[in-house]
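Below: one structure, written as structure tokens.
Just so it is clear, none of the values below were taken in a lab; they were calculated from the coordinates. Here the structure is a predicted model, which means the values were calculated and not measured. Note: ideal-geometry Cβ built from the backbone for every residue, glycine included; neighbour counts use all protein chains shown.
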Amino acid sequence: MDKSKLTEEIKRLREQRKAVILAHLYQVEEIQDIADFTGDSLELSRKAAETEAQAIVFCGVRFMAETAKILSPDKTVLLPVMDAGCPMADMIAAEDVIKLKKENPQAAVVCYINSSVEVKAVSDYCCTSSNAINLIRNIPEKEIIFIPDKNLGSFVAKHVPEKKIILWDGFCVTHHRVTEKDIEDVRKKYPEAPILVHPECRPEVIGKADFVGSTSHILKYTRESRAEDLIIGTEMGILYRLQQESPNKKFFMLSPHLICPNMKKTRLEDVYNVLTEMRNQIKVDAVIREKAVTALDKMLKFS
Ligand code: 13P
Ligand code: SF4
């Protein structure tokens with residue numbers, strides 16, 4: 001099937017199945033084009049929790065589809081490519097969290113949304129990169145075990161010095177590739193251009209950037225900025241939306257290595273196939289779901 005026929009068929013099936021298609025901003029262009037909503041992890045979680053559709057096709061990675069299923073347990077949630085995972089989410093298991101809690105019994109566990117259902121089930125709060133600072137600043141606990149992203153955790157710790165943050169050695173393999181040298185090189189090449197990075201980058205990269213924020217925060221910054229040239233330090237899928245929103249600005253990648261292979265796995269054929277057969281349904285154990293939803297509900301209260 002050619003692309004326009006595939007798009008037409010997906011639209012027909014979406015209507016027939018009463019489905020909504022959600023896509024993360026790191027997805028390939030054809031997927032962002034077919035989606036009903038594109039956004040960052042927090043925005044997509046909100047959409048998944050609020051939608052009245054009967055089915056959710058989640059174009060992203062596994063933890064995102066699982067989060068949608070936890071927040072909307074009565075809906076059918078489809079993940080177009082089952083092995084689209086997040087290596088960072090696999091860097092910690094529920095047993096590791098239980099051990100950390102025993103070692104630090106007074107601390108609350110805040111897990112980044114990039115984590116498994118089992119990890120969320122043993123955590124007190126969940127957060128995304130959009131609301132991590134706000135959530136940690138406002139919860140009553142003074143000691144926090146932050147898992148699994150040590151880079152986002154260190155970024156939060158700098159902004160909330162009044163809290164003790166215990167870190168885990170996890171990281172995003174994609175954002176971790178950016179180095180201080182990348183910043184130095186790009187500064188020389190484009191001295192006037194602000195450098196915007198995601199908090200999943202290393203602390204030394206964050207320290208040299210002009211702005212640090214989640215994908216939606218980076219979008220907002222570029223919309224409001226007067227700069228004509230901007231340097232982007234997050235996964236390159238975001239360039240598509242940036243260019244659509246600000247056609248007169250020029251965007252340059254901080255590093256050519258900012259590509260998440262898992263986010264790039266989903267294609268129109270995969271969306272078509274899951275909608276045709278209603279396969280790749282996400283299942284979450286009811287007992288685990290019950291525990292995990294508490295941490296996620298708290299996350300949705302913070303912007
Ligand atoms: P945000 O969507 O919160 O910016 O997170 C980026 C990310 O790495 C998603 O996997
Ligand atoms: Fe995971 Fe990083 Fe890919 Fe996001 S960009 S899915 S954190 S590996």
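For the reader, a short list of remarks on this structure follows.
- Residue check for Leu242: in contact with a Ser or Thr (Cβ under 6 Å, 6 or more places away or on another chain), among the hydrophobic types (A, V, I, L, M, F, W, C) and either without any contact (Cβ under 8 Å) to a residue 24 or more places away in the chain or within 16 Å of ligand 1 (Cβ to nearest atom) (or both): yes
- Of all residues in segment 220-239 being under 22 Å from Thr179 (Cα atoms) and of a type in the set (A, V, I, L, M), the one that is farthest from ligand 2 (Cβ to nearest atom): Leu230
- Verdict on Ile98 being more than 20 Å from Cys172 (Cα to Cα), out of contact with any strand residue (DSSP E or B) (no Cβ under 7 Å at 6 or more places or on another chain) and among the β-branched types (Val, Ile, Thr): yes
- Within the option set Lys181, Lys189, Lys208, Lys163, being within 21 Å of Ser115 (Cβ to Cβ) and over 20 Å from the mean Cα position of the chain (by Cα) holds for one residue only, Lys163.
- Hey, Val81 under 22 Å from Glu200 (Cβ atoms), part of a loop (DSSP other than H, G, I, E, B) and of a type in the set (A, V, I, L, M) or not: yes
- Screening Thr7 on (1) touching a residue at least 60 places away in the same chain (Cβ under 8 Å); (2) under 22 Å from the mean Cα position of the chain (by Cα) shows it passes everything except condition (2).
One line per residue, one yes/no per condition, for (1) more than 22 Å from Met88 (Cβ to Cβ); (2) touching a Gly at 6+ places or on another chain (Cβ under 7 Å):
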position: Thr128; (1), (2): no, no
position: Asn134; (1), (2): no, no
position: Pro148; (1), (2): no, yes
position: Phe155; (1), (2): no, no
position: Pro161; (1), (2): yes, no
position: Ile165; (1), (2): no, yes
position: Val178; (1), (2): no, yes
position: Gly207; (1), (2): no, no
position: Gly213; (1), (2): no, no
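- Filter pass, Gly153 being crowded, with 19+ Cβ neighbours inside 10 Å, without any contact (Cβ under 8 Å) to a residue 60 or more places away in the chain, closer than 22 Å to Ser115 by Cβ and not hydrophobic (A, V, I, L, M, F, W, C): yes
- Residues in segment 283-300 include none that are under 30 Å from Arg177 (Cβ atoms) and in a loop (DSSP other than H, G, I, E, B).
- Any hit, segment 112-119, residues being of a type outside the set (S, T, N, Q), within 13 Å of ligand 2 (Cβ to nearest atom) and surrounded by 23 or more Cβ atoms within 10 Å (Cβ to Cβ): yes
- Hey, Ser45 crowded, with 23+ Cβ neighbours inside 10 Å, of a type outside the set (A, V, I, L, M), over 25 Å from Ala286 (Cβ atoms) and away from ligand 2 (no atom under 13 Å from the Cβ) or not: no
- Cβ-Cβ distances below 8 Å connect the following pairs, each with a first residue in segment 92-114 that is within 11 Å of Cys126 (Cα to Cα) and touching a residue at least 40 places away in the same chain (Cβ under 8 Å), a second residue that is among the aliphatic types (A, V, I, L, M) and in a loop (DSSP other than H, G, I, E, B), and a separation of six or more residues or different chains: Tyr112/Met88; Asn114/Met88.
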